Protein chains: 2
Amino acid sequence: MAKKTDLRVKRTRKLINDAFLKFIEEKGFEAMTIQEIADEALINRATFYLHYDDKYDLLEKMSADVIQELTSVINPPFVQADQEVNIERLKGSVTNVYQCIQKHQMFYQVMLGENGINGFRNNLEEVIREKFDRHIKEVVKDPNQFQIPEDLLLHFISAAFVAVIQWWLNQEEKPTPEEMANQLTKLITQGPIQTAGVKIE
Amino acid sequence: MAKKTDLRVKRTRKLINDAFLKFIEEKGFEAMTIQEIADEALINRATFYLHYDDKYDLLEKMSADVIQELTSVINPPFVQADQEVNIERLKGSVTNVYQCIQKHQMFYQVMLGENGINGFRNNLEEVIREKFDRHIKEVVKDPNQFQIPEDLLLHFISAAFVAVIQWWLNQEEKPTPEEMANQLTKLITQGPIQTAGVKIE
DNA sequence: TGATTAATTAACACTATGTTGTTTACAATG
DNA sequence: CATTGTAAACAACATAGTGTTAATTAATCA
């Protein structure tokens, strides 16, 4: 973060961000106009263009900031050299992730919500996939140990991971980050069927 | 489906649909204009408005048709009265789903692809979730058998399910529907970690 | 306080939208 | 095959949003 010397800039950016989030929540990204953002932020429309190229630019910059912070709290190795998952370490990282999301709850809620930005979800998945991928490539020596294509596995996990986040954000009474880490761990170690308490033929 | 008696209507609709898909693939939904659709479809712009309110209306109508066909091939019960999953039946339904997608491959590829419509993915997940939900409610008598909230489980499964479809559509050399059914079955019965051949502490 | 730089204002050309009224062409019927 | 209903074409319109510019005002920093 470069220091924003001028207070006016800081204030204007914040007003724009707030207005933007408000409208995404209320009417969705596509429906909002720059004039509306400006009105809500109590700035002139031309001022908006002094800060961002267009609303897509604004969206990208806001997302990038938050996602960057999130990735910084995911830290492998979850899998040790002996091919065992380190459950505690895994839970630790998941807990960190949920705490980070909690910190920016409003933002995530809006971006992943009903009227949210669907591209944001893809970004999240991609970022998670990359983290896992890099780690797996370090640890796994024998590609044949996979029962299915590695890439397929990564897509499965990252999508499920983000879906669980999305579910969590929609709950009135949110389980704690630690509880979420436990539930997610059950799901990916036992699989959803056994977690549902259903026997397998 | 009401019968479209008039050939002209049939033709115009098809031309619009084709142009629409072409532009989604090329430049994405938001970037395309109705003028462009009309030019590509070799019809007058005003003609477009005789058939659809706007491009969102067109999108909805196209999606609804295809999703409707997809849901019709998912047929529970996968879980029997004795609380055992019927693996064969499950594989059968999954195979049907992939065959149905294969039939409209171009459409799904575009809609779920790089430049695709992200709301479409949500629709798919929702539809799958509902199917499963209705079935689960019939079979499961004791809500305590779940180790985690049922709703969370449903979100996990449906998101993973659609993610695997998405992965499949992006493969140059696509596994057969039967192979996909096998791989998906492994993932949801054993869980991703064991499927990766990694031991659990 | 004075210098700097952000924000305001009003005007501009441009592009897309959705609608309307009239005319033309065609497809399905008896 | 002629008739009739209706889809499609066409042209013109008002409306709304975009992105840019140049001159002016006002807030902030040092």
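The values are calculated or read from the model by the stated rules, or taken from the named source; none is laboratory data. Values in this document were obtained by computation on a predicted structure and should not be read as measured data. FYI the Cβ positions are ideal-geometry reconstructions off the backbone, even for glycines, and counts take in every protein chain you see. Side chains are part of the model used for accessible areas, which takes the heavy atoms of the whole protein and leaves out ligands, DNA and RNA. Shrake-Rupley method; radii C 1.70, N 1.55, O 1.52, S 1.80 Å.
Of all positions in segment A:53-63, none carries a residue that is within 11 Å of DNA strand C (Cβ to nearest atom) and under 22 Å from A:L112 (Cα atoms). Can you say whether A:E125 is within 19 Å of the chain's Cα centre (by Cα), under 19 Å from B:I117 (Cβ atoms), among the acidic types (D, E) and surrounded by 16 or more Cβ atoms within 10 Å (Cβ to Cβ), as far as the supplied structure shows? Judged against the criteria, A:E125 is a match. Reported count of residues in segment B:76-106, each being away from chain A (no Cβ under 14 Å) and at pLDDT below 90, is 1. Only a single item in (1) within 28 Å of B:A181 (Cα to Cα); (2) in a helix (DSSP H, G or I); (3) modelled with pLDDT of 90 or more is not met by B:V73, and it is number (2). Can you work out which of the residues in segment A:45-61 that are surrounded by 14 or more Cβ atoms within 10 Å (Cβ to Cβ) and within 21 Å of B:A31 (Cα to Cα) is nearest to DNA strand D (Cβ to nearest atom)? Result: A:K55.
Kindly establish whether A:H155 is touching a residue at least 24 places away in the same chain (Cβ under 8 Å) and either open to solvent by less than 10 Å² (accessible area, probe 1.4 Å) or over 21 Å from B:N122 (Cβ atoms) (or both). Considered against the rule, which asks whether it is touching a residue at least 24 places away in the same chain (Cβ under 8 Å) and either open to solvent by less than 10 Å² (accessible area, probe 1.4 Å) or over 21 Å from B:N122 (Cβ atoms) (or both), A:H155 comes out as no. For B:L15, only one of the following conditions fails: (1) more than 16 Å from DNA strand D (Cβ to nearest atom); (2) not assigned by TED's automatic domain parsing to the domain that holds B:A181. What is its number? The single condition B:L15 does not satisfy is (1).
Answer yes or no as to whether B:Q166 is in contact with a Leu (Cβ under 9 Å, 6 or more places away or on another chain), open to solvent by 10 Å² or more (accessible area, probe 1.4 Å) and either outside any helix (DSSP H, G or I) or within 8 Å of chain A (Cβ to nearest Cβ) (or both). Considered against the rule, which asks whether it is in contact with a Leu (Cβ under 9 Å, 6 or more places away or on another chain), open to solvent by 10 Å² or more (accessible area, probe 1.4 Å) and either outside any helix (DSSP H, G or I) or within 8 Å of chain A (Cβ to nearest Cβ) (or both), B:Q166 comes out as yes.
Of the residues B:L112, B:L169, the single one that is modelled with pLDDT under 95, of a type in the set (A, V, I, L, M, F, W, C), within 17 Å of the chain's Cα centre (by Cα) and more than 15 Å from B:I188 (Cβ to Cβ) is B:L112. Contact map, segment B:32-44: residues that are free of Cβ contacts under 8 Å to residues at least 24 places away in the same chain paired with residues that are open to solvent by 80 Å² or more (accessible area, probe 1.4 Å) and not aromatic (F, W, Y), Cβ distance under 7 Å, separation 6+ or inter-chain. Pairs shown: B:I34/B:R45; B:Q35/B:R45; B:A38/B:N44; B:A38/B:R45.
Cβ separations smaller than 6 Å between residues 6+ apart or across chains give no pair from segment A:1-19 residues that are open to solvent by 70 Å² or more (accessible area, probe 1.4 Å) and assigned to a loop (DSSP other than H, G, I, E, B) to residues that are away from DNA strand D (no atom under 13 Å from the Cβ) and modelled with pLDDT of 90 or more.
Within segment A:27-44, restricting attention to residues that are open to solvent by 50 Å² or more (accessible area, probe 1.4 Å) and more than 15 Å from A:D57 (Cα to Cα), which residue is nearest to DNA strand C (Cβ to nearest atom)? Result: A:N44. Annotation note: of A:E114, A:E88, the sole residue that is of a type in the set (D, E), assigned to a helix (DSSP H, G or I) and assigned by TED's automatic domain parsing to the domain that holds A:L184 is A:E88.
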